[in-house]
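See structure below.
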Amino acid sequence: MKSETQSKVDRFAGVVIVLTAVALAFDLFGRVGLVVFPEQLLIVVLGVSLWLIFTKISARGQRAHSLRWYDLSAALCSVIVCAYVAIRYPVISTDFFYLPTETTVIGAVLIPLALEALRRSAGTLLFSLTLVFVVYGLVAHWVPGPLAGKSKDLSSLLGFLALDSVGIPGMALTVVVKIVVIFILMGQLLSVTGGSQWFTDIANAVMGKFRGGSAKTAAAASGIFGSISGSAVANVAATGVITIPLMKRSGFRPAMAGGIEAVVSTGGQFAPPVMGAAGFLMAEFLEVPYQDVFLAAIIPAVLCYLAIFVQIDLEAAKSKILGLESSELLPAGEVFRQGWHFILPFVVLLLWLFMLNRRAEEAALAACVAVSIVGLVRGYKGSRVRLADIGRSLGRAGVASADIIMIGAMAGIILGVVEGSGLGFGITFSLLQLGDNSTFLLLLMTGVVCVVLGMGMPTTGIYLLLAALAVPALINAGVSPKAAHFFILYCGCMSMITPPLAVAAFTAASIADAKPIQTSLAACKLGWVAFVIPFLFVYSPELLFEGDIGNVVLVFLSAILGVWVVCLALAKYCFGSISTALSALLLCSGLALLLPYSLVPSAPYVNMAGFVLASFVCVYSYLRSRSEDRSYA
């Protein structure tokens, strides 16, 4: 077991991470007249996080019960090299090209340490994928065909990835440290003040009697907040610390609980009313009132969340996650009376975001203050928190942030290779050229490009980049401007849950204590509609509220049925478990219902055939389940 001294060191390291994140988010050093580069603070956070990873996770990727000499050596080496870089960074950033030996040595030490910490905290698959990108950065000029790029020699690449603002101390790590760490602190404060318990109690009181009620409540709450947060990762960090443990306690597997939180938080980025702030940018690009964008976003968002809710219900049915007995449920009114004040921090958060137009990190810190105040003044169930408990929350928040900080460092390595080699633009050009003679192929290739270029970026950054690179080609191919913009927004945002750089899913996995790739795959399965629907509204503009209202209603109803039926097929559950053959029939019928009217002249007949086939399978499954129930009676 860890010694008390080591536990104190870990808590101190966690406090350093949180306080450094706050200093970075609010430029505290600049406010007092000190010139400190953001990269210096990022490197400090990275070094402390590396210490925590090497001291709390063994080389086998398991929780360390004792500290080995090589773990301690790696931890000390990490702190020393990061401290050196933080102190020397002003000189290095100015004379980078004149210090090749120094930058190479730094990269040769820091990159392997970061990769090993990533392997321990996130698993061998992510480690391997990151290593593939590093190797590509060395041999890009040897790669045949359009994926050839500009490579760097080993010494240049190591220094570039370790020290350049495009590499490890870049945008991805900046977002994690400035925003996610503060939201994790908010979650820790909610936990220690009793707020998390109140949310658990109120969720059970309201939804506990329904099948899979905890996940449905989590999906609704996270989806709404995801729309206004402007960052899927920040939303996962803010609400996931409440919703994910709640889902796990009710019986959902850790990977599924994390996947649910990741996909609903990502879906919020293209759901009204705010669409992660990208909707306002879209209105400017399209030169239309925001009300038009708002209206166009409704049907696709409804279909996405319908698929998520249906699959949650089916997963609960398969796993027999039933509601609680009435005798086990607390009265909702009494629960609300005892803890209503925990709503106030979220009100503060929203007011700072929208009424005061403050940045996400400022709103999060204001909410942290609000949580602390209500915990000190009122608490929950007559138990008020102490100042010492709030102080300990700082350390716990920092320790809990170490894993996701390594994901941010990994994103920096990958994005640095993509940027430095020109791989991103090479992929964009080559894939769009391949799809030049086919609209569907062009859409498919553009979707891949959007996922690749959207890796690790916040919603607004994804949208602005893709609007400049991908939208012109779509419009030239005959895609309507509105559909083109929605297409790249959906595909770009889905990079948040798509391997290899599924930042939102990996954040959720860290909270759920689940494998990152398993969580990412669970999120992708739950969010399958968001991968399909961009293609649908290109061919069916009615899904964007374009065209005659009668056609809009018909296409919408057909899409609802199609989504529902495909969800049944993927779950292999319709009034009970069904065979692979019946699942295949449902899948075919669901896809038939989703076939756009304008794609083929016979589409309405195909839709009708899909409806008839789905009805037959559902009736057959229902009768069979009733027969089996009678046989067991």
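The values are calculated or read from the model by the stated rules, or taken from the named source; none is laboratory data. Note that this is a predicted model, so its numbers are computed, not measured. Positions of Cβ are backbone-derived with ideal geometry, glycine not excepted, and every protein chain shown enters the neighbour counts. Remember, those area values only see protein heavy atoms, side chains included, never the ligands or the DNA or RNA. Shrake-Rupley method; radii C 1.70, N 1.55, O 1.52, S 1.80 Å.
Being in a helix (DSSP H, G or I), touching a residue at least 12 places away in the same chain (Cβ under 8 Å) and on the phi < 0 side of the Ramachandran plot is the requirement here; does residue 55 meet it? Before you say what the answer is, go through the steps one by one.
Working: in a helix (DSSP H, G or I): yes; touching a residue at least 12 places away in the same chain (Cβ under 8 Å): yes; on the phi < 0 side of the Ramachandran plot: yes.
Judged against the criteria, residue 55 is a match.
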task = Those residues that are closer than 16 Å to residue 400 by Cα, among the charged types (D, E, K, R) and surrounded by fewer than 16 Cβ atoms within 10 Å (Cβ to Cβ), I need them from the range 38-63; list them, please.
result = 63
query = If you go through the range 139-170 one residue at a time, how many are open to solvent by 50 Å² or more (accessible area, probe 1.4 Å), touching a residue at least 60 places away in the same chain (Cβ under 8 Å) and either outside any loop (DSSP other than H, G, I, E, B) or of a type in the set (Ser, Thr, Tyr) (or both)?
reply = 4
key: Unmet requirement for residue 561, which otherwise passes all of (1) at pLDDT 90 or above; (2) open to solvent by less than 10 Å² (accessible area, probe 1.4 Å)   = (2)
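With of a type in the set (A, V, I, L, M), modelled with pLDDT under 85 and open to solvent by less than 10 Å² (accessible area, probe 1.4 Å) as the only criterion, which of 219, 205 stands out?
Details: 205 fails: open to solvent by less than 10 Å² (accessible area, probe 1.4 Å).
Just a single option satisfies the conditions, and that option is 219.
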request  = Considering each residue of the range 166-184, count those that are over 19 Å from residue 232 (Cβ atoms) and among the aliphatic types (A, V, I, L, M), and give that number.
outcome  = 2
Of all residues in the range 345-355 being surrounded by fewer than 16 Cβ atoms within 10 Å (Cβ to Cβ) and at pLDDT 80 or above, the one that is nearest to residue 193 (Cα to Cα) = 347
ask   = Which of the residues belonging to the range 473-491 are modelled with pLDDT of 85 or more and outside any loop (DSSP other than H, G, I, E, B)?
value = 481, 482, 483, 484, 485, 486, 487, 488, 489, 490, 491
key: Flag if residue 419 is farther than 25 Å from residue 52 by Cβ and of a type in the set (Asp, Glu)   = yes
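Could you check, for the range 534-542, whether at least one of its residues is outside any helix (DSSP H, G or I) and surrounded by fewer than 14 Cβ atoms within 10 Å (Cβ to Cβ)?
If we filter the range 534-542 for residues that are outside any helix (DSSP H, G or I), which is where we start, we get 540.
Within this subset, residues satisfying the condition of being surrounded by fewer than 14 Cβ atoms within 10 Å (Cβ to Cβ) are none.
No, there is no match, as no residue in the range 534-542 is outside any helix (DSSP H, G or I) and surrounded by fewer than 14 Cβ atoms within 10 Å (Cβ to Cβ).
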inquiry  = Restricting to the range 1-37, name every residue that is polar (S, T, N, Q), part of a helix (DSSP H, G or I) and open to solvent by 40 Å² or more (accessible area, probe 1.4 Å).
reply    = 5
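Which residues, taken from the range 496-527, are in a helix (DSSP H, G or I) and surrounded by fewer than 23 Cβ atoms within 10 Å (Cβ to Cβ)? Step through it out loud before you land on a result.
At the first step, the residues of the range 496-527 found to be in a helix (DSSP H, G or I) are 496, 503-512, 516-526.
Hits for the range 496-527 are 517, 518, 521, 524, 525.
Please work out if residue 612 is modelled with pLDDT of 90 or more, open to solvent by 40 Å² or more (accessible area, probe 1.4 Å) and out of contact with any Lys or Arg (no Cβ under 6 Å at 6 or more places or on another chain).
On the way: modelled with pLDDT of 90 or more: yes; open to solvent by 40 Å² or more (accessible area, probe 1.4 Å): yes; out of contact with any Lys or Arg (no Cβ under 6 Å at 6 or more places or on another chain): yes.
Against the criterion (modelled with pLDDT of 90 or more, open to solvent by 40 Å² or more (accessible area, probe 1.4 Å) and out of contact with any Lys or Arg (no Cβ under 6 Å at 6 or more places or on another chain)), residue 612 qualifies.
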inquiry  = Restricting to the range 446-468, and then to whatever is part of a helix (DSSP H, G or I), out of contact with any Cys (no Cβ under 9 Å at 6 or more places or on another chain) and open to solvent by less than 30 Å² (accessible area, probe 1.4 Å), can you tell me which residue is modelled with the highest pLDDT?
reply    = 467
key: Of all residues making up the range 377-423, the number that are farther than 17 Å from residue 44 by Cα, of a type outside the set (A, V, I, L, M) and crowded, with 24+ Cβ neighbours inside 10 Å   = 3
note = Listed by first then second residue, the pairs whose first member lies in the range 595-607 and is free of Cβ contacts under 8 Å to residues at least 24 places away in the same chain, whose partner is surrounded by 12 or more Cβ atoms within 10 Å (Cβ to Cβ) and in a loop (DSSP other than H, G, I, E, B), with beta carbons under 7 Å and at least 6 positions apart or on separate chains, are 603/595; 603/596; 603/597; 604/597; 606/595
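Here is a yes/no grid of residues against (1) of a type in the set (S, T, N, Q); (2) out of contact with any Gly (no Cβ under 6 Å at 6 or more places or on another chain):
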position: 83; (1), (2): no, yes
position: 98; (1), (2): no, yes
position: 117; (1), (2): no, yes
position: 148; (1), (2): no, yes
position: 151; (1), (2): yes, yes
position: 170; (1), (2): no, no
position: 177; (1), (2): no, yes
ask   = Looking at (1) of a type in the set (Ser, Thr, Tyr); (2) open to solvent by 20 Å² or more (accessible area, probe 1.4 Å); (3) part of a helix (DSSP H, G or I), can you tell me which one residue 66 breaks?
value = (3)
query = residue 493 is checked against (1) surrounded by 23 or more Cβ atoms within 10 Å (Cβ to Cβ); (2) more than 30 Å from residue 243 (Cα to Cα); (3) of a type in the set (A, V, I, L, M, F, W, C) and fails just one. What number does that condition carry?
reply = (2)
query = What do you reckon, is residue 531 under 18 Å from residue 444 (Cα atoms), open to solvent by 10 Å² or more (accessible area, probe 1.4 Å) and in a helix (DSSP H, G or I)?
reply = yes
